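Structure record follows, encoded as structure tokens.
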Amino acid sequence: MKRFIAFMMIFCMLFALTGCREKEQYTTAAPAKPVIYLYPEKVTDVSVSLDFNGRLTSTYPHYDSEWNVTAHPDGTLTDENGREYYCLFWEGVQDVEYDFSRGFCVNGEDTAEFLEKTLGEIGLTDKEANEFIIYWLPKLEINEYNLISFQNEIYTDNAELTISPAPDSLLRVFMAWKPVNEPVEIAPQTFEPFAREGFTAVEWGGSEIK
């Protein structure tokens with residue numbers, strides 16, 4: 001009987017550990033570090049609200065139904081207390097299935113070169129692309145390959161932005177990606193040229209899919 005009880009205890013422990021590994025394998029993806037830049041033609045008071053289909057986990061400056069800032073043409077933002085920011089930041093968790101029907105399979109060691117080229121084609125400035133790459137490069141370059149797809153409506157429909165006054169030009173860049181151990185054939189994405197005209201708002205972010 002004692003041997004049977006000991007066997008059952010070991011079996012239950014092994015089962016529990018296996019269950020933990022399975023849960024980790026299917027961790028819900030989280031949009032990571034979406035940041036918003038505002039470039040008005042003149043100093044302008046701007047409000048920004050986010051209708052996010054999920055749960056916000058972090059914001060800076062603090063978000064409570066909307067951000068209210070004074071935006072300067074160089075992108076500098078100030079709050080009502082005069083504190084300066086270079087962007088608006090948010091993160092959250094949600095249950096969304098992203099589209100990987102088109103995209104890119106990139107060797108990990110080629111990530112920096114790929115992002116420099118592709119982010120330029122999409123429309124980010126060198127400064128914005130630098131900040132994007134600095135954040136994502138350490139997570140991507142350590143993998144053998146990465147399957148990368150820049151999302152459109154699936155992302156914007158689940159994280160709607162309302163900016164007042166409305167920008168003349170709006171660019172939202174969101175990269176969904178997942179590490180893979182071998183090359184994957186995938187139809188490449190193409191991008192329409194982005195023209196910065198008048199008051200311009202830009203956002204970039206991304207999510208690792210596990």
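Hey, any hits in the range 25-32 for a residue that's part of a strand (DSSP E or B), modelled with pLDDT of 90 or more and in contact with an Asp or Glu (Cβ under 9 Å, 6 or more places away or on another chain)? No, the range 25-32 has no match at all.
Taking residues in the range 131-143 that are over 17 Å from Phe174 (Cα atoms), and partners anywhere that are open to solvent by less than 40 Å² (accessible area, probe 1.4 Å) and in a helix (DSSP H, G or I), the pairs with Cβ atoms closer than 8 Å and at least 6 places apart or on different chains are Glu141/Gly108; Glu141/Thr111; Glu141/Ala112; Ile142/Gly108; Asn143/Gly108. Checking Leu124, Leu147, Leu115 one by one, the residue that is touching a Leu at 6+ places or on another chain (Cβ under 8 Å), open to solvent by less than 40 Å² (accessible area, probe 1.4 Å) and touching a residue at least 40 places away in the same chain (Cβ under 8 Å) is Leu124 and no other.
Taking the criterion of being in a loop (DSSP other than H, G, I, E, B) and either without any contact (Cβ under 8 Å) to a residue 12 or more places away in the chain or surrounded by 14 or more Cβ atoms within 10 Å (Cβ to Cβ) (or both), the residues of the range 197-210 that qualify are Phe199, Ile209.
Looking at Ile142, Ile148, can you tell me which residue is of a type outside the set (Ser, Thr, Tyr), modelled with pLDDT of 95 or more, more than 26 Å from Ser49 (Cα to Cα) and within 15 Å of the chain's Cα centre (by Cα)? On inspection, the qualifying residue turns out to be Ile148. Summed over the range 166-193, the residues that are part of a loop (DSSP other than H, G, I, E, B), open to solvent by 40 Å² or more (accessible area, probe 1.4 Å) and within 30 Å of Asn68 (Cβ to Cβ) give a count of 2.
Screening Gly82 against (1) touching a strand residue (DSSP E or B) at 6+ places or on another chain (Cβ under 6 Å); (2) on the phi > 0 side of the Ramachandran plot leaves a single unmet condition, (1).
So in the range 56-82, with the set limited to residues that are acidic (Asp, Glu) and open to solvent by 70 Å² or more (accessible area, probe 1.4 Å), which one is farthest from Asp45 (Cα to Cα)? Per the criteria, the residue is Asp64. Kindly indicate whether Glu97 is open to solvent by 10 Å² or more (accessible area, probe 1.4 Å) and out of contact with any strand residue (DSSP E or B) (no Cβ under 9 Å at 6 or more places or on another chain). It is true that Glu97 is open to solvent by 10 Å² or more (accessible area, probe 1.4 Å) and out of contact with any strand residue (DSSP E or B) (no Cβ under 9 Å at 6 or more places or on another chain). Counting only residues that are open to solvent by less than 20 Å² (accessible area, probe 1.4 Å) and over 17 Å from Lys210 (Cβ atoms), the range 150-162 holds 3 of them.
The values are calculated or read from the model by the stated rules, or taken from the named source; none is laboratory data. Being a predicted model, the structure only gives us computed values, none of them experimental. A quick note on method: Cβ atoms are made from the backbone with ideal geometry, for glycine too, and the neighbour counts reach across all protein chains shown. Please note that ligands, DNA and RNA were not included when accessible areas were found on the heavy atoms of the full protein model with its side chains. Shrake-Rupley method; radii C 1.70, N 1.55, O 1.52, S 1.80 Å.
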